[in-house]
Structure formats: C-alpha cells, structure tokens
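A.B. asks: So that we are looking at the same thing, I have put the structure below in structure tokens.
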Amino acid sequence: MTSRIRLWTAASAAVCVVPALAVVTTPGAAQAACTAPITIPTSGVAPRADQTTVVTGNTGTVSDPADTGIAWSPRAFGADVVSADGSLSKQITVAYTRTTDVSNAPDPTDGGARVSSDSGATFSAAPSSVPAWKLGEVGQLLDGRLLGGQFIINGALDRTTVPGQVTMPLVLSISADKGRNWSSVSAQTVFTDAQIPSNQPNPNVNSIRGVRMAGRPIQMTNGAIVLPVYFAMALTATTNITFAAVLTAKPGFTADGAVNTATPWQFTMRPVTSNPTTSFNETAVIERQDGALLAVTRRETSPATLSYRVSTDIGATWSASTSVAFADQAGCAVTGVYPQLAMLPTGQLVLGSGRPDNWLAISTDASGTSWTQEQQTYWNAPTNGGQWWYGSSGYTALVPTGGSRLLQFADNCQAPNGSGVNGCASNLNFEKGRAYKIVDRQVAVLPPGTGKIDLLGKIKHGTVTVSTDLTGVPPAGAVTPPTPYGSAPSAADATSTPYWSSAQGAIDGSTAFWSGALSSRGDGTGTYQLKLDRSYHLTRIGLALLPGAAAKAQLEVSADGVTWTPAGPGTISTTGDRALRYYPLDATAGYLRIRTEAASCAAVGGPAQCSMINELELYSTVNSFENEFAIPRGLSNLACTRMTSVWANGDPGHDSGNAVRLIDGGNATYCDGETTIGRFTYPGPGVSQPAASARTLQAGVYPVSITNGLLFDVNGVRSDGTTGPVYHLAIVNGQRWAAYTTAGGWSGLGGAVVPLSAWTTFQVVASTTGATLYTVDASGQRTLIGSIPETDGVGVTSITGYTFSSGSTAGVGDQAVFDDISFD
C-alpha cells in the first residue's frame, strides 16, 4: 500500500495563528503560552448539567491479541442493525494497515479487518469477503449502502486523448449488506489545466503524480456525493507538493430508492486548499446542521497543523482558509494529522486527530468554527527519551454508536518507515508497550440538560404506548436497520421486526436517512401520539424531521388524551434537519402528540408526498439518568455512586435502561466503603434549584442489600439560619421505614416491608410545616406510610434539596439502585 503522508519532524518554535470565533463554556485558568505541539489535557472539564460535556469511558482492544503482526492506521465505519426483538445496535467494521509505512502498489495482504455486531462491545475476525486492503475510506449513502474508496483512488490517467485534460477512473466500491460484500461502481472525473489551482508551481494535468483518498466519503442530504482527496503534484524531478480537493457528483436515485449506479458517476474536481510552498492533504468533510459543507485539512507545517474551510455550494467555492483553534487556547495552532469529523444524532459535532497522542474536541454550536473541551483519549509515548511523535501514529477513526455515544479508534504503535524508524520501532520503552494493536475508546458527548425519558425502553416494556400512522416502509432498494448484516435489502425487512409497524425509528437513537418513522398515508401527513407512563412536567423536546428537506410539525400536549393544547413553539418549521434540534417545553401532561405535515421524498426515490420523524427525544423534571454516562451530572457530593445499566445488572424487566447505583462495599475499584459513606446530593453543578416553602421528592429505589440502612434526607434552611437535613428517614435493617430526630433517635413509620431486588416508588411531601411519606404504585395511587417529624425541632424556613446515602461510614454492605427521581 502506498504510504500515507508522514512528516516525522521535530517540534519547532510555537506557531500562532489568528484566533477563530471562541465558544466559552465555563471559566478556566489563564491561557498559557502557545506550545508546539499544542498542549492537550489528559482529562476533560468537570461535568455540569447545564452545558455540553465530553466524558470518556473504557479503552478496549479491537485487534486479535494473539496476532503480533503489524496493525496500525485504523479506518472504521458502522451501519444500523436491528434484531428481530427490536433492539438496535451498530454493525462496525474496522479495517487497518498490516504493512510498514512505505510506498508500494495495493496488495490484498496489506490490510486486516475486525467486525462487531454489538456496537463495539466485542470484535471478531472479519469474513474473508471484506477487502480490507481496498477500504481506504468508507462512508454511507442516503440509501443505506456503504461507499468505499481505495487510498490510491485513481486508476490509469488518460492525459493524451485531449491535450491539457485528464480523464481519471476512480476506484470505488459499494456494499449493499452493511460491509460484508463489495462490488465495483463505475466512476470517473475529467478536468483540465484550468481547474488546477493557479497558485500551484506547475498547474497542469501533466504534473499530477497521484491522487489519494484520505477522508471519509459522504452523501449530503441533497444527494451530492463528496469524496475528499489530495493531489500529489510534481514540484521538482524528485519532490512533490500536495493540494486538498473534493470530487463531487450527484447521481440521482432509482424508482426503488437506491442511488443509481447503472449510469457511471461523473465527478467534478473542486480544489479546497492549495498553496505554492505548503502542502495540504488529508481532509475530513461533513454536512453541518445548516446544510453547509465543512472541511478540516492537514497542513504540512512543522509540526503538522489543522485548518478549515466552509462551502455553501457543494464545494464550488469556499470560505477563507482559517486555522483550527481551541476556545481556551485562542491563537494557538492545533497540531494533528488525518482529521476526523462526526456529527452525532444529538447534533454535537466532534473533531478527532492525533500526533502527539490522540485527542478529540467538540464544537458546541455545531459550526466547526471553534472547538472546545479538547482532551487526550489514547497515548503511548516513550518513557526513556526519544521523540514526542514516536508511539501511536495519531491516525484515528470516529464511529457514532447511537444518541450521544461514539467510539474513537487508534493504534498503539505506528509502523516503521522504510528506514526502520518511527512509531515503536526504535530502541525505547513506551507507556503502553511496543505491541502492535488497534484500540477503541468509549466517548459520550452529553448535551445540556438532564431528565431524558427512555421512550424506547418504556415502549418496549409497555408502560408508554404509541398510537401512530407513521408506519410506512422505505423504498425497496434502501438498506435499512432491519436489513441483516450480510444480506441485501428485502421486502421481508418490513415485517421481520416491529421496527416499522411500531415506528421504532423515531426513538432508536439514529438519524440515518431511513432510520426514522415514515408516513403511511397517501397525503403524506402523519400523527405520532404518546401516552406516557405518568404525568410529567415536560421541559424540552428534541426533534428531527425529514432529513435535508423543508418540513413542518405541530406539537400538542394533553392531560387526558382528549383535550389538546399547543406545546412549546406549537408549530415547528425547519429548512431541513441533519440531526436533532431542541425546543423548550413548559407543560404538565400525560400525553404528547406530533402532527407532521406533508413534504416530498421523491428526490431520494421515496413517495411524492411524505413526512417523517427521524428522531425524537423528550425531557422532563424527572431524572431518569438516560442522558448520563459513568458519573451522573446534576448531583454533588458523590461517593460510591455511579451510573449502571439496569437491564444488564439485575432487572431486565425495568422500563428504562439507566439508573444510579450506590454500592457501599469493600471493592476498592468502586470505592473504599470502609472509610466512606456512599451518597449523592441534589442539586449539583449546573442545576438552578431555588429554595421553596414546599417540594415533593419522588424516587424509585431497588434495594439490593441493606446491612446498615438506606438514608434519605430532605435538606433545607432551619429557622436558626443553619442548613442541612430537615427531614431524615431511612429504610433500616429489616427493610422497614423509619424516621429520625435528634431528640428521640429512630422510630418506625409503619408500612409494608420494603422488598429486596424489587422496585419501590416512594414520595415525600415536604414543607416548612411538616412532611409525609407515601409509597406509590404503578397506577400512581399513593399509600400513606406516616408523618416525618422535623429532624432538629428548631423550625424550617425553606426546602432546598435532598441527599441519598448508605447507612454507615465504617460499615459496608448497603447497595441500591435509584431511578426516576423528581423534586418538584
């Protein structure tokens, strides 16, 4: 395989550039002087409930640990797969390079591949039909098929038929079965000397020495296919200079909704960035939420840095080239190679790169004009000297896995070049050893706000019900989530799962074009109505309508499903969604209804009249922790408390997937329970919770074990001005409810035994004059347990928050899961 661009150069003096627009989150320390390479922290900012937060999780090994051969430079891609039981996951393929970093003709032995059918939880060897060596870059078409391009993307150049013009075949392939099998597609580009950037030293087609595809191909929602490439141009007899470009084509669709491949694709070459003395090459492109095309390109300075440009006309023209900048290091050049861009279904835009180390950052306004919360994700540097660029190559890949989650892939060691140096090939020791391997890192980019309702979980468990006519089936030629891995699209896909009949696409965490709930009505309109499991105070809705096309919808709420009133903005009108947009709500309701107005899907081979809910999220004041990862936001004073998967850890029958688990035990990897009381307190950072004369605390508790007790405090301000617990109750050893006063100690409150390994919903109605404890059944009916005396007897002037904790600082053995906590 021809070498990917490598300039293994030593660090030079700091390079400062004009700062881009800064998007500041929370104030930080004063900016230090610019460094080259740029300084990127090893951890992120402290999570807050009111801002976007990047949280990193576990690092896993993708490649086979028993395989000691070369494995570096990962390229990864994913496709939605839904099983017969309706669960959605990502089918992920990771291709990687198995040769040294030298130039040679493509060869089947150059690449390896691993596949995962469970969103990256496990990987196994790819089928032999996967041509890893040819899959230099892979993206997804609107019809769901995968488009792959070889790194050396050009075939034999014809520069003789027409003087001053080149005809260039393109080595592209398509998979209709989510990456298992591939077939060639006929494509070419034709251009003349006049289309080569005039600032090139030799701006003519005869100076082209090669074309490389070093960026993921995309198909924009308007149907345009964009291939990021770079051209190697003759500078001298033995040296080259490169410029970045995109190749664009708009092939059209067949009557059954597939991108038309019967007619050869004709691409137009459009330069992105060119300079007479500096090379620009590896480029990531993405369609932003506003429909513009964002390109981030590697600039061959010493060390390599990143720049960006924006196009609103499919690459025909571009904004001025601007250096990528971090908001908290304005004016400092961002170093990196092989940039990667991903937009999550939540609309969060992610940039990944490396060298030194591997890192990612986010654009909080999804514009890509400024980046923040940069942090390292994987590193493997020398520990006993050597150059800073040795170790991991800095070549990464990003694959969204659903909602706010993604995986970043990296290598442990870059392969040696022709001289046998670089990477981990030198006589040095490294932080993570010298073994070749491909790794992945879990990442969550959590949007602002807590209280996301697990609509998919509740619908599957029957506690939320859907009434809808958005049950249409996409065109027969589309590769959709029910299409199995290794299978071509089939009419049976529409009935093999409840995905279409239950409109699951609206809440599956994906915004792929046909991963939505589509109108089944001839006039293209639709209605999607939710009967919720309880009355909620709804605070926000995330909604993505028909991708890339102007669309409208009406939002309504109801207390009884009979009388409806407009909610939030009432009418939502968008010029075209590429991800979720969020709209404020302020309504107490047990029902939500969305009425979609007709648009057209004819441009992509769909119905002439159609509408769609591509994705839907709903938020309330009830914190069900569905928007959290590892450590829950919005809480403070956390100890021995983490996020947990309820379904995977004890209760598959619960109607939402995530909750908070408190373990006060002897497992030091979780926490030191022998010296710490497990606890969490509300409110926490980023939560505005004014003091009130009365509030109602309601929560679900799933006791796993009670050795010392599970304690619940309602916090407030006492009449003497001090703050702390004003009502103190517990589930004590013996699984009974009790309350505490400083004067009388613990006393029983009555009520039934609280069962272990089962959910109990309790409610504390607290005010400045007293508090009462109830349990609440599945229908919302309350059972009185008893009155809770004031803890200290000095009077209460306001209610401010709550604390849940284990029963003993020194003792261990208490464990419980908490979910659906509200404090209204």
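Okay, residues lined up against (1) acidic (Asp, Glu); (2) over 22 Å from Trp759 (Cβ atoms); (3) touching a His at 6+ places or on another chain (Cβ under 7 Å); (4) surrounded by fewer than 18 Cβ atoms within 10 Å (Cβ to Cβ):
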| residue | (1), (2), (3), (4) |
| --- | --- |
| Leu662 | no, no, no, no |
| Asn667 | no, yes, no, yes |
| Glu674 | yes, yes, no, yes |
| Ile677 | no, yes, no, no |
| Phe680 | no, no, no, no |
| Ala694 | no, yes, no, yes |
| Pro703 | no, no, no, no |
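A.B. asks: Would you check which residues across segment 512-525 are surrounded by fewer than 22 Cβ atoms within 10 Å (Cβ to Cβ) and of a type in the set (Ser, Thr, Tyr) and list them?
C.D. replies: The answer is Ser520, Thr525.
A.B. asks: Okay, moving on. All but one of (1) within 30 Å of Phe680 (Cα to Cα); (2) surrounded by fewer than 24 Cβ atoms within 10 Å (Cβ to Cβ) hold for Gly605; state the number of the condition that does not hold.
C.D. replies: For Gly605, the failing item is (1).
A.B. asks: If you go through segment 488-524 one residue at a time, how many are assigned to a loop (DSSP other than H, G, I, E, B) and either in contact (Cβ under 8 Å) with a residue 40 or more places away in the chain or under 28 Å from Gly347 (Cα atoms) (or both)? Can you show your working first?
C.D. replies: Restricting attention to segment 488-524, the residues satisfying the condition of being assigned to a loop (DSSP other than H, G, I, E, B) are 488-490, 495-503, 508-516, 519-524.
Right, trim to either in contact (Cβ under 8 Å) with a residue 40 or more places away in the chain or under 28 Å from Gly347 (Cα atoms) (or both) and you get 488-489, 496-503, 508-516, 519-524.
Final tally of qualifying residues: 25.
A.B. asks: Restricting to segment 336-370, what's the tally of residues that are of a type in the set (Gly, Ala, Ser), open to solvent by 10 Å² or more (accessible area, probe 1.4 Å) and on the phi < 0 side of the Ramachandran plot?
C.D. replies: Filtering segment 336-370 down to residues of a type in the set (Gly, Ala, Ser) leaves 336, 342, 347, 352-354, 361, 363, 366-368, 370.
Of the ones still in play, those that are also open to solvent by 10 Å² or more (accessible area, probe 1.4 Å) are 347, 366-367.
Next, only the ones that are on the phi < 0 side of the Ramachandran plot stay: 367.
Matching residues across segment 336-370 total 1.
A.B. asks: Only one of these conditions is not met by Ser128: (1) open to solvent by 10 Å² or more (accessible area, probe 1.4 Å); (2) under 30 Å from Pro475 (Cβ atoms); (3) of a type outside the set (Asp, Glu). Which number is it?
C.D. replies: For Ser128, the exception is condition (2).
A.B. asks: Of a type outside the set (Ser, Thr, Tyr), more than 27 Å from Asp110 (Cα to Cα) and open to solvent by 20 Å² or more (accessible area, probe 1.4 Å) - does that describe any residue in segment 149-157? Lay out the reasoning, then the answer.
C.D. replies: The first filter runs over segment 149-157 and keeps only residues of a type outside the set (Ser, Thr, Tyr), leaving 149-157.
Now restrict to residues that are more than 27 Å from Asp110 (Cα to Cα): none.
Among the residues of segment 149-157, not one is of a type outside the set (Ser, Thr, Tyr), more than 27 Å from Asp110 (Cα to Cα) and open to solvent by 20 Å² or more (accessible area, probe 1.4 Å), which makes the answer no.
A.B. asks: Give all pairs with beta carbons closer than 6 Å in which a residue from segment 707-725 that is closer than 12 Å to Thr797 by Cβ meets a residue that is open to solvent by less than 10 Å² (accessible area, probe 1.4 Å); count only pairs at least 6 apart in sequence or on separate chains.
C.D. replies: Gly716/Val726; Gly716/Ile799
A.B. asks: I would also like to ask the following. Just give me the residues in segment 543-566 being assigned to a strand (DSSP E or B) and within 28 Å of the chain's Cα centre (by Cα), in sequence order.
C.D. replies: Keep residues of segment 543-566 that are assigned to a strand (DSSP E or B), which gives 543-544, 547, 551-558, 565-566.
Result: Leu543, Ala544, Pro547, Ala551, Lys552, Ala553, Gln554, Leu555.
A.B. asks: Of the numbered conditions (1) out of contact with any helix residue (DSSP H, G or I) (no Cβ under 6 Å at 6 or more places or on another chain); (2) on the phi < 0 side of the Ramachandran plot; (3) open to solvent by less than 20 Å² (accessible area, probe 1.4 Å), Thr465 fails exactly one; give the number of that condition.
C.D. replies: (3)
A.B. asks: Right, here's the next one. Could you tell me whether Asp508 is of a type in the set (D, E, K, R), within 21 Å of Met612 (Cα to Cα), in contact with a helix residue (DSSP H, G or I) (Cβ under 9 Å, 6 or more places away or on another chain) and open to solvent by 10 Å² or more (accessible area, probe 1.4 Å)? Give the steps one after another, and end with the answer.
C.D. replies: On the way: of a type in the set (D, E, K, R): yes; within 21 Å of Met612 (Cα to Cα): yes; in contact with a helix residue (DSSP H, G or I) (Cβ under 9 Å, 6 or more places away or on another chain): yes; open to solvent by 10 Å² or more (accessible area, probe 1.4 Å): yes.
The answer is yes for Asp508.
A.B. asks: Kindly establish whether Leu784 is assigned to a strand (DSSP E or B) and touching a residue at least 24 places away in the same chain (Cβ under 8 Å). Write out each step before concluding.
C.D. replies: Values: assigned to a strand (DSSP E or B): yes; touching a residue at least 24 places away in the same chain (Cβ under 8 Å): no.
Answer is no for this residue.
A.B. asks: Residues that are at pLDDT 90 or above, open to solvent by 40 Å² or more (accessible area, probe 1.4 Å) and over 30 Å from Ala366 (Cα atoms): does segment 443-451 have at least one?
C.D. replies: No: zero hits.
A.B. asks: Going by what's in this entry, would Ala333 be described as of a type in the set (Gly, Ala, Ser) and buried (at least 23 other Cβ atoms within 10 Å of the Cβ)? Before the answer, list the steps.
C.D. replies: Numbers: of a type in the set (Gly, Ala, Ser): yes; buried (at least 23 other Cβ atoms within 10 Å of the Cβ): yes.
Criteria met by Ala333.
A.B. asks: Return a yes/no flag: does segment 680-687 have any residue that is more than 39 Å from the chain's Cα centre (by Cα), assigned to a loop (DSSP other than H, G, I, E, B) and not polar (S, T, N, Q). Break it down stepwise before answering.
C.D. replies: Just the residues of segment 680-687 that are more than 39 Å from the chain's Cα centre (by Cα), to begin with: none.
So far as segment 680-687 goes, no, none of its residues is more than 39 Å from the chain's Cα centre (by Cα), assigned to a loop (DSSP other than H, G, I, E, B) and not polar (S, T, N, Q).
A.B. asks: Look at segment 570-589 and say how many of its residues are assigned to a strand (DSSP E or B) and either modelled with pLDDT under 95 or open to solvent by less than 50 Å² (accessible area, probe 1.4 Å) (or both). First the steps, then the outcome.
C.D. replies: We begin by selecting, within segment 570-589, every residue assigned to a strand (DSSP E or B); these are 570-574, 577, 581-589.
With either modelled with pLDDT under 95 or open to solvent by less than 50 Å² (accessible area, probe 1.4 Å) (or both) added as a condition, the list becomes 570, 572, 574, 577, 583, 585, 587, 589.
So the answer is 8.
To keep it simple, each residue is scored yes or no on (1) in a strand (DSSP E or B); (2) more than 30 Å from Val660 (Cα to Cα); (3) open to solvent by 10 Å² or more (accessible area, probe 1.4 Å).
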site	(1), (2), (3)
Ile541	yes, no, no
Tyr591	yes, no, yes
Glu628	no, no, no
Gly634	no, no, no
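A.B. asks: Now a separate question. Failed condition for Tyr528, given (1) open to solvent by 10 Å² or more (accessible area, probe 1.4 Å); (2) touching a helix residue (DSSP H, G or I) at 6+ places or on another chain (Cβ under 7 Å); (3) among the aromatic types (Phe, Trp, Tyr), with all others met?
C.D. replies: The number of the failed condition is (1).
A.B. asks: Return the residues of segment 308-322 that are over 19 Å from Ala366 (Cβ atoms) and open to solvent by less than 10 Å² (accessible area, probe 1.4 Å); say none if nothing qualifies.
C.D. replies: Gly315, the sole residue that qualifies.
The values are calculated or read from the model by the stated rules, or taken from the named source; none is laboratory data. None of these values were measured; they are calculated from a predicted model. Using ideal geometry, Cβ is built from the backbone for each residue, glycine included, and neighbour counts are taken over all protein chains shown. Calculation scope for accessible area: heavy atoms of the full protein, side chains included, ligands and nucleic acids excluded. Shrake-Rupley method; radii C 1.70, N 1.55, O 1.52, S 1.80 Å.
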